[in-house]
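Here is the structure we will look at.
The values are calculated or read from the model by the stated rules, or taken from the named source; none is laboratory data. Treat the numbers as computed from the prediction; the structure is a model and nothing was measured. Using ideal geometry, Cβ is built from the backbone for each residue, glycine included, and neighbour counts are taken over all protein chains shown. These accessible areas exclude ligands, DNA and RNA; they are computed on the full protein's heavy atoms, side chains included. Shrake-Rupley method; radii C 1.70, N 1.55, O 1.52, S 1.80 Å.
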Amino acid sequence: MTVEQAYRAGGAVSPKVVVVVPTYNERENLPLLVDLLNSLGLPNLHVLVVDDGSPDGTGALADRIAAESDGTVAVLHRTRKDGLGRAYVAGMTRALADGADVVVQMDADLSHPAETVPLMVNTLLAGADDLAVVVGSRYVAGGALATAWAWHRRALSAWANFYVNAVLRLGVKDATAGFKAWRGTALEAIDLPSVRSNGYSFQVEMNHRVLRRGLRIVEVPITFEERVNGESKLSLRVQAESAITPWRLRFARKGAVSPRGRGTAT
């Protein structure tokens, strides 16, 4: 029995799940992603698009999708593009204010498999209260990278995870993953508004905060696909910040990471 079935059997209201999707020039991908999420049949599922003033009109398109959604899609407009981390903090903060029990973070480029969202949500809600986040992982058993990825991108991804774990000893196989289902109370516990990192190092800092507070991370396998339309936003600036952040976190910490905070679900 899934968690959703248990809620139904008990007559309780389904947990509110909000999928936070940052966008910048994702006009072609966004409608496809919303359709995929709607097709899941997951009750009380909502989508929050966080658009950073996309010049290609993604924000206006998101408004039209929201207007036709019967309240299940909302849009948060930001006036400038200032990083993935800041977009997620803004979106997650809004989701919590709107009463989200679970917050899913997901890229708009269709690289994250929407069909895995129910598994991630059910795994999260079936766990004890100390389970903070379920990660859609490329590097646990059963996970995989898109066959379209070039060797140098595979090497960069593998090196980044090795590097982060060597510096911070997180014990998370896919420490840089951006596909996650969060328990709302966990986001509140890690003091979301004070997260400093931007870009892809945001993922590392969030994992670090979870483990520092003695909470758990579980990874479930996914196949990470190549983006369908558009271009990657991985700049040299983002890569540089991602290299520095683990050391900043290491020297700022006051104690070792709790070893009980790691886990894998298959």
Full extension from Asp129 to Asn165: what is 0.36 nm times the residue separation minus their Cα-Cα distance, to one decimal in nm? 10.5 nm
Per 0.36 nm of contour for each residue apart, how much would the distance between Glu188 and Arg248 grow if the chain were fully extended, relative to their Cα-Cα spacing? 19.4 nm
Residues whose placed amide H lies under 5 Å from that of Val50, excluding near-sequence neighbours: Val21, Thr23, Leu76
Could you check the spin-label model distance between Ala155 and Ser39? Points 7 Å from the Cα along Cα→Cβ, value in nm. 3.7 nm
Sorting check: for 73-84, 152-163, which peptide has the highest mean count of neighbouring beta carbons within 10 Å, and how do the rest follow? 73-84, 152-163
Considering only protein heavy atoms and a 1.4 Å probe, what is the carbon-and-sulfur percentage of the accessible area of the range 9-157? 54 percent
So for the range 122-215, averaging the separation of alpha carbon pairs under 8 Å that are six or more residues apart and normalising by length, what relative contact order in percent results? 36 percent
Using a 7 Å offset from the Cα along the Cα-to-Cβ direction at both Asp70 and Ser14, what is the distance between the two label points in nm, to one decimal? 1.1 nm
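With a 10 Å radius around each residue's Cβ, average the other Cβ atoms per peptide and rank 18-25, 39-46, highest first. Show your work: numbers first, answer last.
Details: 18-25: 24.9, 39-46: 15.2.
Taking the mean over residues of other Cβ atoms within 10 Å, the ranking is 18-25, 39-46.
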So, R0 is 35 Å and r is the distance between the beta-carbons of Asp98 and Ala146; what FRET efficiency does that work out to, to 0.05? 0.60
Two-site label geometry, Glu115 and Thr79: point separation in nm, points 7 Å out along Cα→Cβ: 4.4 nm
